[in-house]
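Undergrad: Please find one structure pasted underneath; my questions will follow.
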Amino acid sequence: MSFDDEWNRLVSAAAQRRSTQTRLNQLDGGEGGGGAPQGDLSVDQKDLAAIGDEAFKLRGRLVKDGDHARASSYSAAAALRKDFEIGGALDHVTTRWKEQLRTLTDACAHISNHLEYTDRAHSNDEHYISGVFNSLSQLDEGFDERTQR
């Protein structure tokens, strides 16, 4: 078989495979993805509190352990900068590490605070809704007493 024949055969085979691969992200005719039914996502307060607690713990560990080498890295960078170009690079890496660590700890704090707020807000909503339903049931009892007279 010549190179041209082999090449044409491979191009044709690839074109056939490609036409079937392009259908991967299409919806089926009716139900969509065909996975789990709609509306089955749920979360409870215990889940939110656990995630917020883990984010708080992670932030604490990052603050404590993420900055161990900063002082020695800066002093090594200063010492190396006098004689080697790598000193400036080490200084740059140390500065970027500090910036990224601060960004990460801020993100963990944001997650923790947001989930704590969400937990409190939902608890307050539950309390309010419970109060509304209790007052409605008392109101219903009052109507029932009136109609039974």
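Undergrad: For His114, indicate whether it is surrounded by 13 or more Cβ atoms within 10 Å (Cβ to Cβ) and modelled with pLDDT under 90.
TA: Yes.
Undergrad: Also, I was wondering about something else. Just name the residue that is modelled with the highest pLDDT out of those in the stretch 1-27 that are in a loop (DSSP other than H, G, I, E, B) and open to solvent by 80 Å² or more (accessible area, probe 1.4 Å).
TA: Met1
The values are calculated or read from the model by the stated rules, or taken from the named source; none is laboratory data. None of these values were measured; they are calculated from a predicted model. For neighbour counting, all protein chains shown are included, and Cβ atoms are generated from backbone atoms with ideal geometry for every residue, glycine included. For the accessible areas, the whole protein counts, side chains as well, though only heavy atoms, and no ligand, DNA or RNA atoms are used. Shrake-Rupley method; radii C 1.70, N 1.55, O 1.52, S 1.80 Å.
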